[in-house]
Every structure is written in C-alpha cells, then in structure tokens.
Amino acid sequence: MAEANPMLSLDALTFQSARGALEQGCAAIAAGETVFDLAGVGAADSSGVALLLAWQRRAQKAGQRLTFINVPQNVQKLAALYGVDQLIR
C-alpha cells in the first residue's frame, strides 16, 4: 500500500483554499513526495479537480507521477463528469 504524504495537510479543496493548497502540493512535489492522501479533505468543489490536475502536471514536469488516495467521492464524481478521472488515479 502507498504511504501517505506527511507534508500535505488539507481540509478543503475549494475555490477559497485553492491557492494555499496548490502551493502546499507543489512544495510536497518538490520535496519528492508522490502519494497525496486526501482523507482529511472535508470540503471540495470543482477547484479540487483542477488542483489534482495541476499537481499531476507539476509532478510530470519533475519526472514523477502522483498517486492520490482517499479522494473525496464528490471529487471523483466531478472528475468522471469532466472525463479526467483516469488522470487522478
């Protein structure tokens, strides 16, 4: 099983938290983290999908691939609706 990312501590993936979440995720990627555990996320909207995709692009530029675990169900549903669910697995 993948080990959770200790550097990523988020309770929301929303428009209001997007800037801070993006920065926190990018810092974790720069530190070599490749597993993002989203179990602590209690609120999420479509910005959450955009964040996961932005982190995945940042990781790809660094030659890595992220694994997201415990993705909130509403983020999974939105990603499927937008046709990008394969990109966040």
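The values are calculated or read from the model by the stated rules, or taken from the named source; none is laboratory data. Small disclaimer: the values here were computed from a predicted structure and weren't measured. No Cβ is skipped: glycine too gets one built from the backbone with ideal geometry, and neighbour counts run over all protein chains shown. Quick note on the areas: whole protein, heavy atoms, side chains included, nothing else; ligands and nucleic acids left out. Shrake-Rupley method; radii C 1.70, N 1.55, O 1.52, S 1.80 Å.
How large a share of the accessible area of the chain, in percent, is made up of carbon and sulfur atoms when the probe is 1.4 Å and the other protein chains stay in place? Display every interim value, and only then the final one.
Values: 2630 of 5090 Å².
The nonpolar share, carbon plus sulfur, comes to 52 percent.
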**Request:** Give the shape of the chain as rounded, prolate or oblate, defined through the alpha-carbon gyration tensor: a ≥ b ≥ c are the square roots of its eigenvalues, a/c under 1.5 means rounded, and otherwise the shape is prolate if a/b is larger than b/c and oblate if not.
**Result:** rounded
**Message:** Give me the 1.4 Å probe accessible area per residue for the chain, excluding ligands and nucleic acids, in Å².
**Reply:** 57 Å²
**Prompt:** Which residue, chosen from I29, S9, L87, occupies the Cα position most advanced towards the positive end of the dipole of the chain, where the dipole is computed from +1 (Lys, Arg) and -1 (Asp, Glu) charges on Cβ about the Cα centre?
**Reply:** L87
